[in-house]
Amino acid sequence: MSPLKSRKERPWWRDAVTYQIYPRSYADSNGDGIGDVEGIRSRLPYLKQLGIDAIWISPWYPSPQHDHGYDVADYMDIEPDYGTLAQAETLIKEANDLGIKLIVDIVPNHTSSDHKWFQAALKAGPGSPERDRYMFRDGKGPNGDLPPNNWEAVFGGCAWERVIEADGKPGQWYLHLFAVEQPDLNWENPEVVAHLEDVLKFWLDRGVAGFRIDVAHGMFKEAGLPDIRKDPAASMLGTEHKPFWDQEGVHDIYRSWRKILDSYPGDRMAVAEAWVSPSERIARYVRSDELQNSFNFEMLTTLWDAKEIKTKINNSIDALEEVGAPTSWVFNNHDVVRSVDRLDLGLTNHGDTTLSRQGDPKKLNIARGTLRARSAALMTLALPGGTYLYQGEELAVPEVRDIPEDRLTDPRWKMSGFSDRGRDGCRVPMPWTSNPAGAFGFSTNASLKPEQAWLPQSSWWGTYAVDTQDGVEGSTLSMYRKALAIRKGEEGLGDGPMEWIEAGKDVVAFERPGDFACYINFGAPIELPSNSQVLVSSGPITGHTLPTDTAVWVRLVS
Ligand code: NOJ
Ligand code: CA
C-alpha cells in the first residue's frame, strides 16, 4: 500500500475525477450543428458546478474526420470546424483558473492519411525515408498482389491497403490497424519518436495537465510482422495472440515521455488507453518511471454481478498496488455502448476495442438499466483511485439505437460490411434543454432541429436534458453533483485504503476512512446496519432497507 498522503500533498492524478468531452458532440457555439471549442468554454460553469477535477478532450486537431479526430492531420493545431488554437489556449487558461485541469488526447499509433508525412510517403516511393515513417511493405505472391500478412483491422477487413505508385501501377502496401485513412506510424523511426516528443512539449507549453494516449499498447509491432496464428477458440474469446498489441517497445517510449512530463511543474501526467489483460499487464504501463494512469477497462466488460465485480476490483487494485499506482475506473467512454444499456442487457466487450454485440434493445428495461448505471457510478466514485466519466453519463442517457442507417458515420459501419452499427449511439450531441430548439440546446442556432445536429438526436432525447434534471431532487444529475461534492469533502475518499464488508453474496460493500461505507445491492432487498446514516443513494431508500440494484453511501455513526 502506498503511503497515505493528504489530498494537498498527493499528486492530483492519484484520485482525480476526469470528465471526457467528445468535442463534436458537446456544445455548438456558432450554429453549424457541430460542437466546438467555444461551446466547451461556454459550459465551464456547468462543469465547475458538477464538481469534476479535470476534463479530457477527445482529439480536436485538424482532421478529415474519418474517425472523428482519431485521424490526425496536424498534431499542433485545432480543427477549423472546432475553432482556433488561440481559442483552445483561452479554454485551457480559463479552465485552469477555475481549478479544472485539462488533458488532451494524443494519437501516436497512426496519423490521418491527409497528414503531410503520409502524402509525402505516397509520392516518394518505395525505399524512401518518407515511406520509412510508416509501415510500408511489399505484398506477397508473384506480383505482390497479396497483403504482407494476415492481420485484420480493428474496424473489420484487411489491415493492409495497396497503393498506386508513380507509374500508375499497384505497388506497396501500408498497414492500418484501424481505418484505411489511419496509416500506422513506424515507431522504429527516430523522426517519429522526435516529432511526438515535440507534440507533447507543444501542448505542455500551453498549460495542459497531461495526455490521454490513444492505442497506447499498439505503437510497436512484433519483429518480422508475423501472421496471427489462427485459433478459432481464442478468436471467439478475444484472447488470440496479436503480434501488434502490448509489445515491449512501448515501454521505452513511456519512460522517455515520463521524463518530459516530469520536466514541467505541476504534476503533469498521462493516461494510457491500453486494452490489455490481465491486470498485471496493465500494471506495466504505470510502473514508477512510466505513465501515471492506465484506464481500467474491467468495468466495461463486466456483467451486473456482485461476485464478478468484486473479483475485478480485487484483481485490479492488487495488480496496481504492486507498482504503487492508483486504479483508474471507467464505466463509459465514446467507444462502448452506454452503461444504462450494458448493465441491463448483460452486454460484455467482445475482445477488441469496441462492443461489437449491441444486444436486443427491445429487451431493455430502461428503469432498471438507469438504476444500475447510477449505482455503478456511486460504486466507482467510492473506490480507491481515480474515475473517468464520459459526457452524458451524469444524465444517465441510454445508447441511441434509432439513428437512421444513412446517418451513421462510424467507420466500423462500413468496414464491417454494414453489419455493425458501430459507436455513434454513444456519441449523440448532448441534450442541454428539453425544448428541441437548437437541437435540445446543443446549438446556439435556435432554428437547428434535433435531426440536423451532426448526428441526429431522436425526438425523446430531450427527456434527459440538463434543464429537466437541474436542481431536481433524485435526478441523475443531482446524484452526481451530490456524490462529487461529498467526495471532495471526504479526505479519505479517492486514494487510500479500503476494507471489504461482508454483507451477503449479492452485495458489494466496503468501508473507507472516516467511517464511510458504500453498499451496492445486486439481489433482494437488504437491511443496512442500524448505525448507518445515508449520505447519497442511487435510488429511493426508506428507513434502512436497501432495495435491489441500489447503491448507497453511508456514514457509520458510533
Ligand atoms: C481508440 C479510440 O478511443 C477510438 O475512438 C479510435 O477509433 C481508435 N482508438 C483509433 O484511434
Ligand atoms: Ca460549431
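Bear in mind that the values in this text are calculations on the coordinates, not laboratory data. Only a predicted model underlies this, so the values are computations on that prediction, with no experimental measurement involved. Virtual Cβ from ideal backbone geometry, glycine too; neighbours counted across all protein chains shown.
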Checklist entry - Under the classification rounded if a/c is under 1.5, otherwise prolate if a/b is larger than b/c and oblate if not, where does region 418-497 fall, given a ≥ b ≥ c as square roots of the Cα gyration tensor eigenvalues? => result oblate
Next on the checklist: Can you return the lysines within cross-link range of LYS169? Criterion is Cα-Cα under 18 Å, with same-chain partners fewer than 8 residues away left out.
Outcome noted: LYS123, LYS140
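Using 1/(1 + (r/R0)^6) with R0 = 35 angstrom and r between the beta carbons of ARG281 and GLU197, what's the FRET efficiency to the nearest 0.05?
0.90
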Next on the checklist: Given the -39500 (n - 2.57) contribution per DSSP H run of 4+ residues, what per-residue ellipticity at 222 nm results for the chain, rounded to the nearest 500 deg cm²/dmol?
Outcome noted: -7500 deg cm²/dmol
Item to check | Separation of the ASN96 and ASP252 label points, Cα + 7 Å toward Cβ, nm | outcome: 3.3
Checklist entry - Once amide H atoms are built 1.01 Å from N in the peptide plane, which residues 5 or more positions from VAL536, or in another chain, come under 5 Å H to H? => result TRP553
Item to check | Near-label residues of region 207-223 by backbone N, under 17 Å of a point 7 Å along Cα→Cβ of MET76 | outcome: 207-208
Next on the checklist: Let me make sure I get this right: for region 116-175, a, b and c are the square roots of the gyration tensor eigenvalues over alpha carbons, sorted descending. Under 1.5 in a/c it's rounded, otherwise prolate if a/b > b/c, else oblate. Which is it?
Outcome noted: oblate
Item to check | Using θ = phi - 60° and Karplus 6.51 cos²θ - 1.76 cosθ + 1.60, couplings along region 333-342 (whole Hz; Gly, Pro as x) | outcome: 7, 7, 10, 10, 4, 4, 4, 4, 6, 4
Checklist entry - Stretched out fully, how many nm does the piece from THR311 to ASP515 gain, at 0.36 nm a residue minus the Cα gap? => result 71.1 nm
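Is region 499-556 best put as rounded, prolate or oblate by its Cα gyration tensor, with a ≥ b ≥ c the root eigenvalues, rounded for a/c under 1.5, and otherwise prolate when a/b is larger than b/c, oblate when not?
Numbers: a/c = 1.69, a/b = 1.18, b/c = 1.43.
Oblate shape, in that a/c is at least 1.5 and b/c is the bigger or equal ratio.
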Next on the checklist: About the Cα centre, and with charges only on the beta carbon of Lys, Arg (+1) and Asp, Glu (-1), how big is the dipole of the chain? Nearest 20 debye, please.
Outcome noted: 880
Item to check | Semi-axis lengths (Å, descending) of the ellipsoid that matches the C-alpha gyration tensor of region 153-251 | outcome: 27, 22, 13
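Gain in length, ASP406 to HIS544, computed as 0.36 nm per residue apart minus the alpha-carbon separation, to one decimal in nm?
Numbers: separation 138, 0.36 × 138 = 49.68 nm, distance 5.08 nm.
44.6 nm is the gain from fully extending ASP406 to HIS544.
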Item to check | Rounded to 10°, Cα long-axis angle of helix 249-262 versus longest principal axis of the chain | outcome: 60
Next on the checklist: Along the Cα→Cβ direction, 7 angstrom out, place labels at ARG368 and ASN143. What is the inter-label distance in nm?
Outcome noted: 5.8
Checklist outcome for this item: In order over region 123-138: 3J(HN,Hα) from phi, Karplus 6.51/-1.76/1.60, θ = phi - 60°, whole Hz, x for each Gly or Pro, gives 6, 5, x, x, x, 7, x, 5, 5, 5, 6, 10, 9, 8, 9, 6
Checklist entry - Which of the lysines could a cross-linker bridge to LYS259, judged by Cα under 19 Å and excluding same-chain residues fewer than eight apart? => result LYS201
Checklist outcome for this item: HN-Hα couplings for region 57-73 via Karplus (6.51, -1.76, 1.60; θ = phi - 60°), in whole Hz with x for Gly/Pro, come out as 9, 4, x, 10, 8, x, 7, x, 6, 5, 10, 6, x, 6, 10, 8, 8
Checklist outcome for this item: As straight-line cross-link partners of LYS488, the qualifying lysines (C-alpha separation under 21 Å, not fewer than 8 residues apart within one chain) are LYS5, LYS8, LYS48, LYS101
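For an R0 of 35 angstrom, estimate the FRET efficiency from the Cβ-Cβ distance between SER263 and ARG7 and round to the nearest 0.05.
Numbers: r = 25 Å, r/R0 = 0.71.
The value I calculate is 0.90.
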Checklist entry - How big is the chain on each of its three principal axes, counting only the C-alpha atoms and giving the largest first in Å? => result 81, 55, 48
Checklist entry - Where the centre of each part is set by its Cα atoms, how far does region 264-322 sit from region 420-466, in angstrom? => result 33
Item to check | Under-5 Å amide H pairs with HIS110, H placed in peptide plane, nonlocal only | outcome: LEU185
Next on the checklist: What do you get for the angle between helix 85-97 and the principal long axis of the chain? Use alpha-carbon atoms, 0 to 90 degrees, nearest ten.
Outcome noted: 30
